[in-house]
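Asks: Input: one structure, supplied below.
The values are calculated or read from the model by the stated rules, or taken from the named source; none is laboratory data. Everything numeric here is computed off the predicted structure, so don't read it as measured data. Here Cβ is always computed from backbone atoms with ideal geometry, including for glycine, and neighbour counts include all displayed protein chains.
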Ligand code: R5P
């Protein structure tokens, strides 16, 4: 049975009720709980934006559901907390491990997600005992790019801005494709090294884009820093039209889409893995639908 939270109302009629008390604590009700004894269920739930709250609401759902069935899958198209996937500095908490372990211990047998950051390719995986089916929106993004350039009867080069997303270029078989190399430096705030989401120090990769159209594909756009840097790199090498596609429009900040579109980007497209409202979002950014079956 499909169990749909209000955050996935675009996938079907929600049958899990989530409300908030006056102090904003969450309340969860599964009205059809009596039908679920021993039944296989798949929960449809978005974990972003407001990831901490969405995760806690999921824990509430699972805490009740586990009393009825042990056969629980979770469809969460974007997995937050996936970028801190190792202890780079001694003492750092590895959020990717924590979240996967938490889902496993709350009875999730399998997580189905899209372009999970720490996996860097589609397929079946396991982390902290949690089975993960990682799908990729790469083919959908590439098909969109082909259509967009096709309209103008142009060929294009597919570029990923870093090695982690280089698998996105694989859809472009028979077409020119290339991965750039991004290196982040140390982030400094008021002279203090924060060490998280540091500025990009260098973007490397010689690629012949002189007079050619380019499509940049990445898994995530967060602050937009990576994409802006990649566009600058390609423009400096003579790229003609540049379009940008990403699976997850995290858009962490104000008018991130504008920042990219105003920086020589001819088209920006993302997927509905994340539904987010940004003042710059509605008209200019194309949102592609990913399969949720
Ligand atoms: C990082 O390795 C990811 O693939 C993205 O490139 C990154 O998360 C984007 O972050 P931002 O938009 O803040 O540069």
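Asks: Is there a residue being within 13 Å of the ligand (Cβ to nearest atom) and within 18 Å of the chain's Cα centre (by Cα) anywhere in the stretch 138-146?
Replies: So the first thing to find is which residues in the stretch 138-146 are within 13 Å of the ligand (Cβ to nearest atom), and the list is 138.
Those still in the list that are within 18 Å of the chain's Cα centre (by Cα) too: 138.
Yes, some residue in the stretch 138-146 is within 13 Å of the ligand (Cβ to nearest atom) and within 18 Å of the chain's Cα centre (by Cα).
Asks: Just checking, which of 29, 74, 36 is without any contact (Cβ under 8 Å) to a residue 40 or more places away in the chain and buried (at least 20 other Cβ atoms within 10 Å of the Cβ)? Steps first, please.
Replies: Details: 29 fails: buried (at least 20 other Cβ atoms within 10 Å of the Cβ); 36 fails: buried (at least 20 other Cβ atoms within 10 Å of the Cβ).
Going through 29, 74, 36 in turn, the sole match is 74.
Asks: When you go through 196, 276 one by one, which is the residue that is more than 10 Å from the ligand (Cβ to nearest atom), closer than 26 Å to residue 75 by Cα and modelled with pLDDT under 95? Before the answer, list the steps.
Replies: Working: 196 fails: closer than 26 Å to residue 75 by Cα.
Exactly one residue qualifies, and that residue is 276.
Asks: Is it true that some residue in the stretch 119-136 is modelled with pLDDT of 85 or more, more than 16 Å from the ligand (Cβ to nearest atom), surrounded by 19 or more Cβ atoms within 10 Å (Cβ to Cβ) and closer than 23 Å to residue 266 by Cα?
Replies: For the stretch 119-136, residues modelled with pLDDT of 85 or more, more than 16 Å from the ligand (Cβ to nearest atom), surrounded by 19 or more Cβ atoms within 10 Å (Cβ to Cβ) and closer than 23 Å to residue 266 by Cα: absent.
Asks: Taking the residues in the stretch 207-216 that are in contact with a strand residue (DSSP E or B) (Cβ under 9 Å, 6 or more places away or on another chain) and either outside any strand (DSSP E or B) or touching a residue at least 60 places away in the same chain (Cβ under 8 Å) (or both) as candidates, determine which candidate is farthest from residue 246 (Cα to Cα). Explain how you work it out, then say what you get.
Replies: Filtering the stretch 207-216 for residues in contact with a strand residue (DSSP E or B) (Cβ under 9 Å, 6 or more places away or on another chain) gives 207-209, 212-216.
From what's left, either outside any strand (DSSP E or B) or touching a residue at least 60 places away in the same chain (Cβ under 8 Å) (or both): 207-209, 212-213, 215.
On the way: 207: 21, 208: 23, 209: 20, 212: 21, 213: 17, 215: 10 Å.
Here the residue is 208.
Asks: Against the definition (within 16 Å of the ligand (Cβ to nearest atom), at positive phi and assigned by TED's automatic domain parsing to the domain that holds residue 65), how does residue 114 come out, yes or no?
Replies: Working: within 16 Å of the ligand (Cβ to nearest atom): yes; at positive phi: no; assigned by TED's automatic domain parsing to the domain that holds residue 65: yes.
No, not satisfied.
Asks: I want to confirm something. Restricting to the stretch 236-249 and keeping residues that are over 16 Å from residue 288 (Cβ atoms) and touching a strand residue (DSSP E or B) at 6+ places or on another chain (Cβ under 7 Å), which single residue is nearest to the ligand (Cβ to nearest atom)? Before the answer, list the steps.
Replies: Kept after step one, since they are over 16 Å from residue 288 (Cβ atoms), are these residues of the stretch 236-249: 236-242.
Within this subset, residues satisfying the condition of being touching a strand residue (DSSP E or B) at 6+ places or on another chain (Cβ under 7 Å) are 239-242.
Details: 239: 18, 240: 23, 241: 21, 242: 16 Å.
Within the stretch 236-249, the match that is nearest to the ligand (Cβ to nearest atom) is 242.
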